[in-house]
Each structure stands twice: as structure tokens, then as C-alpha cells.
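Following: one structure in C-alpha cells, then a few remarks.
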Amino acid sequence: NAGVTQTPKFRVLKTGQSMTLLCAQDMNHEYMYWYRQDPGMGLRLIHYSVGEGTTAKGEVPDGYNVSRLKKQNFLLGLESAAPSQTSVYFCASTRPLAGFYEQYFGPGTRLTVT
Amino acid sequence: AQTVTQSQPEMSVQEAETVTLSCTYDTSENNYYLFWYKQPPSRQMILVIRQEAYKQQNATENRFSVNFQKAAKSFSLKISDSQLGDTAMYFCAFMEYGNKLVFGAGTILRVKS
């Protein structure tokens, strides 16, 4: 099993450009999450999904959109990138319906917006 | 909203010694989960240990143990026999309703030889 994978690992964008980050998991997990990590602030939840076709806002959703068309994939989109979105982005997944509560994380994507 | 506070931005410890990282949280819930995650320079988030709030017994995983004080809303991590590979950022996290994690700001731990 690959676990949780993220594509790409690094990306540099110019202000106003758009991009999509892909998260994929092969563990049949129901719940998936997108976090951002900024220096001195730990990880903050952007959006999450409790199942295929459902999404919900987290703590810092502004400027991002998400989609969960397939159970194994969770996409994070930036429609018009801003320098404030420079961060490291982590995807995570879990399977609470099976009694698992720990979240498994992907390796992260470092995004720089200039 | 739940909050998690890690009051020690940085700590250092000599190899083979013991170190304790502090974490406090604020919640009105009675049943919840607490976690410690390790983030080495590779950036990968690694689960170290978890604690269910309904369990009175403190969780232990090899050299890692917690001191869970529910009434005080305190959840500290003790690392015994520290190793160079323990050098990392450590995050305390609270799992709130909806299985969402709320993280503290992290503590950088440096193990010195």
C-alpha cells in the first residue's frame, strides 16, 4: 500500500494563477482532510470530506475549493493564488466508521506564491 | 472552539536522558481523543501516541508515554532514553467532533550527543 500520496511535492505559482493539488489514498478511508502548515502556527484545517461527494469547510477555507468525486481522491484547488497562500499543504485520511481515529498524512506539498 | 496550547517553542535534551513536552487544551466535551505527532526534517507527520479521554490509564508506546490529566486538561509527552532520531517538531492535537484535528503550534525538540 502506498498510503496517502500527494501531487505535486513542490510548486511555484505567480499571483493570480490557479492550480489543483491532488491527494490519493489506497486504504479505503471514508474521511479525508486538507491542512496547511505555516511557521509557528501548527497545522490548520482548510476543508474536509466525510465521504464521496461531500465536502465541508474547516478553520481556514477562504480562497480554496475542494472536490471528492471518488472515494480515494480529494482535490484542493486555488482559483487565484495569493502570496498569503504560500504554505506547506498536507492531506490526511482516516476511517472512523471502522473504529480508527488516527489520521494518516501524506508527505506534503510546498507551495510558493510570488 | 477547541484550542491546543504548547507553551514550549523549543527544547533540548542530551542523548539518553528524559524530556517532557507540555500540552494543554480547552474543551467542553467529555469524550475525545488526544494525539502526539512527530514531524522530522523530512516533513512527514508520524503518529507517536494517542489517548482516549475515557481511559484513565496513561498511554505508553515503547520510550514514549503520556501524562493525561483530564480535569486539568493537560496532556504531556515524556520521551525516555532520548535518541538522536527523536530530533523533530512535536505537535499535540485534539480530535473534536467530526474527527477534525486541532493542532498546537508545536515544540521543536533537539537531541544533543
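The values are calculated or read from the model by the stated rules, or taken from the named source; none is laboratory data. What you see is a predicted model, and the numbers here were worked out from it, not measured in a lab. Neighbour counts are summed over all protein chains in view; Cβ atoms, including those assigned to glycine, are modelled from backbone coordinates with ideal geometry. These accessible areas exclude ligands, DNA and RNA; they are computed on the full protein's heavy atoms, side chains included. Shrake-Rupley method; radii C 1.70, N 1.55, O 1.52, S 1.80 Å.
Based on the Cα coordinates of the protein assembly as shown, what is the per residue volume of their convex hull in Å³? Present the calculation step by step, with values, prior to reporting the outcome.
Numbers: hull volume 28.3 nm³, N = 227.
In the protein assembly as shown, the Cα hull volume divided by residue count equals 125 Å³.
Calculate the mean, over all residues of peptide B:37-44, of how many other protein chain Cβ atoms lie within 10 angstrom of the residue's Cβ.
The per-residue average across the peptide is 3.
What distance in nm separates the simple spin-label points at A:ASN65 and B:GLN56, each placed 7 Å from Cα in the Cβ direction?
5.3
Restricting to Cα pairs below 8 Å that are 6+ residues apart, what does the relative contact order work out to for chain A? Please round to a whole percent. It would help to have the intermediate numbers written out before the result.
Numbers: 297 pairs, mean separation 40.1, N = 114.
Relative CO of chain A lands at 35 percent.
Around B:ARG50, what is the net charge, scoring Lys/Arg as +1 and Asp/Glu as -1 over all other residues with Cβ under 11 Å from its Cβ? Don't skip to the end; give the middle numbers.
Working: positive: B:LYS55; negative: A:GLU102, B:GLU52, B:GLU61.
Once all neighbours under 11 Å are counted, the net charge is -2.
Could you give log10 I(q)/I(0) at q = 0.11, 0.16, 0.19, 0.22 Å⁻¹ for region A:17-114, computed by the Debye formula over C-alpha point scatterers of equal weight, without solvent?
Reported log10 I(q)/I(0), two decimals: -0.29, -0.62, -0.86, -1.14.
For chain A, which whole percent of the accessible surface, found with a 1.4 angstrom probe, sits on carbon and sulfur atoms?
Working: 2770 of 5290 Å².
Roughly 52 percent, rounded to a whole number.
Return the value, in Å² to the nearest 100, of accessible area buried between chains A and B (probe 1.4 Å, both sides summed). Intermediate results must be reported in sequence, preceding the final value.
Working: alone 6130 and 6440 Å², together 10820 Å².
Roughly 1800 Å².
Expected output is a single nm value to one decimal: the length gained when fully extending between A:THR114 and A:THR86, i.e. 0.36 nm times separation in residues minus the C-alpha distance. What is it? The partial results should precede the final answer.
On the way: separation 28, 0.36 × 28 = 10.08 nm, distance 0.83 nm.
Using 0.36 nm per residue and subtracting the Cα-Cα distance, I get 9.2 nm.
Pairs of alpha-carbon atoms within less than 8 angstrom and 6+ residues apart define the contacts here; what relative contact order does region B:38-113 have, in percent? Present the calculation step by step, with values, prior to reporting the outcome.
Values: 104 pairs, mean separation 18.3, N = 76.
Result for region B:38-113 is 24 percent.
Kirkwood hydrodynamic radius, chain B, all distinct C-alpha pairs: what's the number in Å? Let's see the in-between values first.
Details: mean 1/r = 0.0709 Å⁻¹.
14.1 Å is the Kirkwood radius here.
In the neighborhood of B:VAL102, defined by Cβ-to-Cβ distances under 9 Å, what is the net charge if each Lys or Arg adds +1 and each Asp or Glu adds -1? Don't skip to the answer; put the middle values down first.
On the way: positive: A:ARG44, B:LYS100; negative: A:GLU59, B:GLU96.
Cβ neighbours under 9 Å give a net charge of 0.
Find the eigenvalues of the gyration tensor of the Cα atoms of region A:1-54, then list the square roots of 5 times those eigenvalues as equivalent ellipsoid semi-axes, largest first, in whole angstrom. Write down the numbers at each step before the final one.
Details: eigenvalues 98, 45, 34 Å².
Listed largest to smallest, the semi-axes of region A:1-54 are 22, 15, 13 Å.
Taking B:LYS38 as the anchor, which lysines have their alpha carbon closer than 27 Å to its alpha carbon, excluding any fewer than eight residues away along the same chain?
Excluding near neighbours in sequence, the set is A:LYS9, A:LYS57, B:LYS55, B:LYS70, B:LYS73, B:LYS78, B:LYS100, B:LYS112.
Could you sort A:59-68, B:73-82 so that the peptide with the highest average Cβ count within 10 Å comes first and the rest follow in order?
Numbers: A:59-68: 16.0, B:73-82: 18.2.
With the highest mean Cβ count within 10 Å placed first, the list reads B:73-82, A:59-68.
Provide the gained length on full extension for the span B:LEU84 to B:ARG63, in nm with one decimal, where the gain is 0.36 nm per separating residue minus the Cα-Cα distance. Display every interim value, and only then the final one.
Details: separation 21, 0.36 × 21 = 7.56 nm, distance 1.33 nm.
The B:LEU84-B:ARG63 span can extend by a further 6.2 nm.
Okay, which of region A:74-98 sit inside 20 Å, backbone N to the point 7 Å along the Cα-Cβ direction of B:TYR97?
The answer is A:96-97, whose backbone nitrogens lie closer than 20 Å to the label point.
Report the label-to-label distance for B:ASN31 and A:ALA56 in nanometres (one decimal), using points 7 Å from each Cα along the Cα→Cβ vector.
The two pseudo-label positions are separated by 1.7 nm.
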